Every structure is written in C-alpha cells, then in structure tokens.
Amino acid sequence: MTDVVRIFDTTLRDGEQSPGATLNIDEKLEIARQLVRLGVDVMEAGFPIASPGDYEAVRRIAVEIGQGDNAPIIAGLARANKADIDRAWDAVRPARKPRIHTFLATSDIHLQHKLRISREECLRRVGEMVAYARSLCEDVEFSPEDGGRSDPEFLYQVLEVAIKAGATTLNIPDTVGYTTPQEFGALIAGIREHVPGAKDVIISAHCHNDLGLATANTLAAIQNGARQAEVTINGIGERAGNTSLEEVVMALHTRPAVYGVQTNIDTTQIARVSRLVSAYTGIPVQPNKAIVGSNAFAHEAGIHQDGMLKNPLTYEIMRPETIGINESRLVLGKHSGRHAFQTKVAELGYELSSEDLNRVFDRFKDLCDKKKIVSDLDIEAIINDEVYQPVELWRLQHVQVSSGSGLRPTATVRLRGPDGVTREDAAIGAGPVDSVYRAINRIVQVSNVLTEFSIQAVTEGIDAVGEVTIRIEPTAAGTNGHREEALNPQTGPRARTYSGHGADTDIIVASAKAYMSALNKMLTVRQGE
Ligand code: KIV
Ligand code: ZN
C-alpha cells in the first residue's frame, strides 16, 4: 500500500488571516470548489465563531461542497471552549465528513502571558474540551498552539491527554515559524516515540514561514512520520505566511526517492488555483516564487536557453505542464457557437448559470474581435471578472481618460448607483489611474486608501488581457483617516482590507473595474453590519 500524506488546506482559514485577504462568501465557495478539483483531503473552511460571515461561509461550504463521494473532510476551527466548539460543530455538521479542529496553546510563553493559566489547567482543559468535541463529532483534531516552542516533555503529556480524550489527529503547529528543520523533524519523531497511542493517530505539521523554513520544516516532519501537512495556496497566511501547498506537493512529487510518499493532489490544477487565490485575495504572487511564480519556468540566461533547446532536462526539474501551465489555446474563435463555448467552460471546471454564461460568452466574442488568439487563461480571466464579483451596488458604465506628456491626466466616469440613477463626474489626478479613482470617489464618496495595486498580463503579447488586483482600506471620514478594524478572536483587532479585481484588454478599464469591485465589497459588508 502506498504511503499517503494527507493535504489539509487552510487557505480559507489561516490563509484568510493574511493581512488584507478578506474573501466574501462567493469567493470562498469558488475557491472551495477549485480545492476539490485540486484533490485536497481536508479543507479548513474557516473559524465559525469569528463572525457571522465566517460561520455562514463554513456552513455553506459544508452544505454545498462537502457532499459528493469525493468531497473532502470539512473542518472548522474552535478554541478549546464549549461556545467555540458548539459553533464550529453547528457549521460543519452538514458535511458528509465533518471535523472539529480545536486548539489550546502549550508553550510557557503563551500559558503565562496570554492565557495566564498553569500547565495543570492547560492539561485539564485539553482533556475536557477534546472529549466534548469528540462527543459531538467522530473526527477531532487537536493543535497545541505554539507547539514548536513548547517544552517537549509537557507537550507529550498534553498530547497523551488529547489522544485519551478522543483526538484522531494531532497537529503540531510551529505557530511563530521559529524552529529549524532538524528541530521540527526531531520533535515529530519524539512525539511518535514518547506519546502513548501516537502511532494510532495521524500526526500533522502546521508551519509558519517567519524564517523562510515552513516548507523545509513540513518536509522534515513528513520524513519523521507526519502524515498530514497543513498548507495554503501560494503560502498565504499570518505574517510571512504558512507552508505553501504547491511547494510541499511538488517536492514530494519531484523527489519520490527521497520522501517515498504520495499525495492525492492533481498537480495539473495547481497553477489555476494559485491564480484564483491571488485574484480573490488581492495578494500578488512574487515572480520568483517557487512553483507558481511567473518566472518559475522562465529561462533567461543564454547558456540555459541553449541547454533547454537541446534537452529541457538540462535546467528543468519539473515540466510546466505538470502544474497546469501549458499553451493550451482555445480552438474556438469568433465564429464559434455558444455550445462549444459552454463545453470549454465546463472543461475548465466552472459551473455557470445560463445568465452568467451568456454574459461571459458576450465578453468572449468581444475579445475575439480584439485579440488574435484567445487562450484558456483569457477565458478564466473573463469569468473571474464577470462572474465572481461582489454584488454590484455601483456599476461602472463608462470611463474615459486623457493623458500623455504635457497633459494633466483627466478622467470622466459614469456610474449607476444602488438607486438606479446614473451619475457622471470628472477629476484630475497624478496619473490616469489616479484620475479615474478620484472621479469615482467624487461620486461614491466613501473614504479609503489604496494599499496595493498590481497589474499582470494574462498572456504574452501586446494584445494581452490585463488583470488588475487592488486592495483598499476604509478610513472613517472626519477621524483623521483612522482605519476601520475588524476583530478576530484568534488574532485580535486588525485593519479591514477589501480586495478587488478586474480584467480587460484596456488596463485603465481593468483598473476602474478592480476599484469598483473593491468598493462594492466594502459597501456590501457595511450594509450587512
Ligand atoms: O499557527 C497556529 O498555531 C494555528 C493553529 C490554530 C493551528 O493556526
Ligand atoms: Zn497557523
């Protein structure tokens, strides 16, 4: 029997805790759908007690994503107290395979300064709360938070208590990304050796990347017997992020002789999910990021290019096709019918309503007039731009800019408001995008600051579709620009951030759409409060 490492994806929980990565429910559902296609074994859908929105997202993922034969386990996070556990259970219980993931810190630093409880009290709570979670759900994961800095002897005691209380997975977090691969590997080996019953449960690794060691630590854990890896797409997460799914999966895939284990991941979906998560969270992927960065398969040096032409094996340890980067070009053109287009969309893994399909098809036809070759990537960009957008309270109807050397960039925009009334205004800015954003601000009138703006060509060539991703932070008018804060029970107050994305062959239009998308997201959240 092959030895399988379970992939526990926490993009929607720990990943969403990245500064600025707020996702709305529709975006979470779409990412969840794509995580199923990717083949994750466990999906941590959120932290249900954190907010009504988090609860609702986890519940809908359990109901809508967690049902089929191949549905992954749907996990919800809970601190080790009854209210959290009840809320998590309520959210995940509709799933075919629900899991409660409960945690309590075990390092002396956390016990003394954060929780202000003794080791004895910690042991008592772990026993009681794991047993309580187990009385509700058959699948219970326990995490000793800050496990990487906990006294190993105490950690063994805690884990023994958790096993006796019914935990089925023990997840060891290096919460602050402090350990080294040798230390973390030894910690996992020590747990397997010294904790009674540890060999009968699954040991899991959950690493953070503060020292850039998250992937190395996770792989060291696997080499020492961990059989679940907790990861996020693109490595997003608190501070420097979590272990990146694509790095661990491709290391195991590329070096089977070293690791000797497999995953259930369909690697050809990796590039796609990476783009989706980046567009929805507003967090760009650095070009030199391993596996999914835009330069990861680019060969610049002449000597490398020469080698590659002779045999790709000279400089390439993985084929781009393995992670789903290929030149797959749509054989459809401007004369293609709706049916062929619908088949293509389904092949790409999207389930669109006929209304959405019609809109996307119209955009596709438009694009065929502007662009010689329309690729799968273009279709994906149109779908993300057209379908996976927040409720359109304000709709962009028209944007026009004049700019150039010796000219003051000036924009005119026309928007349709929530009341159905069309409004038009104009503004001068430091550049064309700035002038568009100022003109929009004059109409919508919500104070905010732009904290991130990135633009990427979806494909090569001068006629490429440009995809713009932005993030804004609301500032309260009349309070000297104080930022709004949201409260997360795990992490405390944090600045609220809203991302937006837009795509068009005209980058000014794409920028305007991205801004409207972020503003609409922000206004929708405010409406719900
Ligand atoms: O990093 C951490 O400790 C966590 C736990 C809640 C598992 O995310
Ligand atoms: Zn974490």
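The values are calculated or read from the model by the stated rules, or taken from the named source; none is laboratory data. Computed from a predicted structure; not experimentally measured. Using ideal geometry, Cβ is built from the backbone for each residue, glycine included, and neighbour counts are taken over all protein chains shown. Heavy atoms of the whole protein, side chains included, go into the accessibility calculation; ligands, DNA and RNA do not. Shrake-Rupley method; radii C 1.70, N 1.55, O 1.52, S 1.80 Å.
Local charge for Ala165 was computed over the other residues whose Cβ lies under 15 Å away, with Lys and Arg +1 and Asp and Glu -1, and equals -1. Accessible area per residue for the chain, computed on protein heavy atoms with a 1.4 Å probe, is 43 Å². DSSP assigns beta bridges within the chain; of those with both partners inside it, close to 50 percent run antiparallel. With both residues required to sit in the stretch 3-281, DSSP beta bridges show an antiparallel share near 5%. Estimated from helices alone, the mean residue ellipticity of the chain at 222 nm is -12000 deg cm²/dmol (sum of -39500 (n - 2.57) over DSSP H runs with n ≥ 4, per residue). Across the chain, the fraction of Cα-Cα pairs farther apart than 40 Å, rounded to a whole number, is 27%.
Averaged over residues, the count of other Cβ atoms within 10 Å places the peptides 413-421, 98-106, 197-205, 34-42 in the sequence 98-106, 34-42, 197-205, 413-421, highest first. Whole Å is fine, so just give me how far the alpha carbon centre of the stretch 2-24 lies from that of the stretch 213-250. Between the Cα centres of the stretch 2-24 and the stretch 213-250 lies a distance of 10 Å.
Remark: relative contact order (the stretch 3-281) = 21 percent; criterion is Cα-Cα distance under 8 angstrom and separation of 6 or more residues.
Take every pair of alpha-carbon atoms less than 8 Å apart whose residues are at least six positions apart; their mean separation over the length of the chain yields a relative contact order of 12 percent.
On the principal axes of its alpha carbon atoms, the stretch 21-81 extends 31, 24, 19 Å, with the longest extent given first.
Computed in the context of the full set of protein chains, the accessible area of the chain at 1.4 Å probe radius has 49% of its extent on carbon or sulfur. Each of the peptides 389-399, 517-527 was scored by the mean count of other Cβ atoms within 10 Å over its residues; in descending order, highest first, they stand as 517-527, 389-399.
By the compact-protein rule of thumb, 2.2 N^0.38 Å, the alpha-carbon radius of gyration of the stretch 3-281 corresponds to a ratio of 0.91. Convex hull volume per residue, computed on the Cα atoms of the stretch 207-289, equals 98 Å³.
Against the chain, whose longest principal axis comes from its Cα atoms, helix 25-38 is set at around 70 degrees.
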